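For reference, the structure is listed below as structure tokens.
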Amino acid sequence: MRKIRAWSLLFLLLFPAFLFAGIQSSLAEFEARIPKISSQIPQIIKSAEFAAGCVLKKPDTLINVPYNEQKSFSEEMINRAGGLSNIYPSESPDRVRFVTDHDIVLYSVRSWETDAETAIKRLNEYKGKNWKVILIASKKGMPSKLKYDFFIDNGAPSGKAIYGRINILANITIGWMWCCEYVSAMTRKGKIPGILISISLEESTEHNKKIQTPEGRLWIGDCPEKIPAGKLANIYLERVKKLVFDLKSEKIQKQIDYASDIIASRMAEGKRVGISGVGHVIIDEVKRDLKAPWIGFQAVGQVGRRRNAFSKYLQPGDLLVWIAYIGLNSKYVDFGRYIKEANLELITCFAPDLDDPSVNETGIAHIDQCWAKGDAEVPLPCHPWKMAPVSGINSGLVLRMLDDSVSKKLENIKNQVKRDTQVSVTQ
């Protein structure tokens, strides 16, 4: 153990050039999907126009995002800053009684290798209910005889599970572009659907509560300005490109490298490193498709008077990587308190709250997120003036970038120890 500790520190100190040898594979893979996603805009427009037409014709139409089959996708689409109020899981107890025979389903597939059987079963069920299905998945590896009405290709090289960690981020990108074009199609009919406002903004409380009741989610208002087809989807995709550019910057890359130095060193010594966060995408992704030996767990909803998820999964002195939202905490929970109670060392990642610096407490390392308070990014001609965030994609990419960097450094530490051992034996 002493030899591993010495080599891990020496390797990370003496070979900084290696650390900047290239952008993390996950970021490169995600960036490579963007042209394919862009090519799907006509299909995004077509399916979104169809959905908007259905809802305007029958205003009780629900837009369903099944939760259990696609947790990360569903989490990101529901109750989000700049998201559609009508997008919600129809299996939810407060929603199920409103189900109709003309509802719409947004269905995301992480990978065909892992999810084909479930997808076939669920899509058959949905079509049996006469629902219209919009399928977001990879064309390559797709099973035959799937039942759907519209298909949007996420551009995966195959249906293999190894592409799942990027597929989910590509699917979410497409999902937000679809939401943008749904709103755009509504405006061309003089209408606008309910769009939620970030809980970080004061006006959100009154605005959101009106459109988050079962009936309120179906609200449709007037919008005098017509948005051309494709405009909002392209604006959103350009914002995603800017996010990728920012994540490739020297500033963020140095932050990732410094944090992964610490993490890899701890892991090489056999120490425990937890990873969790506040947000939508991050809740489930910290437990999926990880390369390094993280302890991934959900903290949201798992802390309170009689429970502390941080103490459940980690021990005093362990390191926690905390990928949060705006500042260290959420509007509803003082996570910093529970982290301190668990006596953990901390690496943080969040967007700062410029209005309340007290929540911007960082740890022994920090990674900035590349978006601002308010979250929604795409401009609208009427209230609430903006929609569609990139924060979920940001947190998901940071998770994958850290995992890539840490696993690569662990591999190199292991190889260096092996070489050192071989030299010792021959001497």
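Derivation of every value follows stated rules applied to the coordinates shown; laboratory data play no part. What you see is a predicted model, and the numbers here were worked out from it, not measured in a lab. When we count neighbours, we look across all protein chains shown, and the Cβ atoms used for this are built from the backbone with ideal geometry, even at glycine.
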Gyration tensor (alpha-carbon) shape descriptor, the range 97-185, a/c threshold 1.5: oblate
Sequence ranges 363-372, 164-173, ranked by mean other-Cβ count within 10 angstrom, highest first: 164-173, 363-372
Euclidean distance between Cα centres, the range 354-427 to the range 119-136, Å: 36 Å
At most 10 other Cβ within 10 Å, DSSP loop - GluC sites (Glu not before Pro), the range 188-235: Glu202, Glu215
Estimated dipole of the chain in Debye, rounded to 20 [Cβ of Lys and Arg +1, of Asp and Glu -1, Cα centre]: 1020 debye
Residues Lys287 and Glu411, FRET efficiency given R0 of 22 Å [Cβ-Cβ distance, rounded to 0.05]: 0.50
Contact order normalised by residue count of the chain, Cα under 8 Å, 6+ apart, percent: 18 percent
Computed E for Thr421/Lys271 - FRET, C-beta separation, R0 30 angstrom, nearest 0.05: 0.90
Net +/- balance of residues flanking Ala52 in space, Cβ distance below 10 Å, scoring K and R +1, D and E -1: +2
Neighbour-limited loop hits for GluC sites (Glu not before Pro), the range 65-123 (at most 16 other Cβ within 10 Å; DSSP other than H, G, I, E, B): Glu91
The range 40-61 versus the range 283-335: alpha-carbon centroid distance in Å: 38 Å
Environment charge of Arg337, counting only residues whose C-beta is closer than 15 Å and scoring Lys/Arg +1, Asp/Glu -1: +2
Prolate/oblate/rounded call for the range 25-239, Cα gyration tensor, a/c under 1.5 rounded: prolate
Label point distance in nm, Cys54-Lys242, each placed 7 Å from Cα along Cα→Cβ: 3.3 nm
Charge context of Ile37, other residues only, Cβ under 11 angstrom, K/R +1, D/E -1: +1
DSSP-defined antiparallel bridges as percent of all bridges, the chain, nearest 5: 20 percent
Debye, to nearest 20: dipole size of the range 25-239, +1 on Lys, Arg Cβ, -1 on Asp, Glu Cβ: 600 debye
Rounded to the nearest 20 debye, dipole of the range 119-236 from Cβ charges on Lys, Arg, Asp, Glu: 780 debye
Full-stretch length increase - Glu341, Val96 - with 0.36 nm per residue and alpha-carbon distance subtracted: 84.2 nm
Listed residue pairs exceeding 19 Å between alpha carbons, taken from Lys71/Lys271; Lys254/Lys340; Lys36/Lys241; Lys254/Lys414; Lys36/Lys408; Lys241/Lys287: Lys71/Lys271; Lys254/Lys340; Lys254/Lys414; Lys36/Lys408; Lys241/Lys287
Neighbour cut-off at most 12 other Cβ (10 Å), DSSP loop, chymotrypsin sites (Phe, Trp or Tyr not before Pro), the range 24-91: none
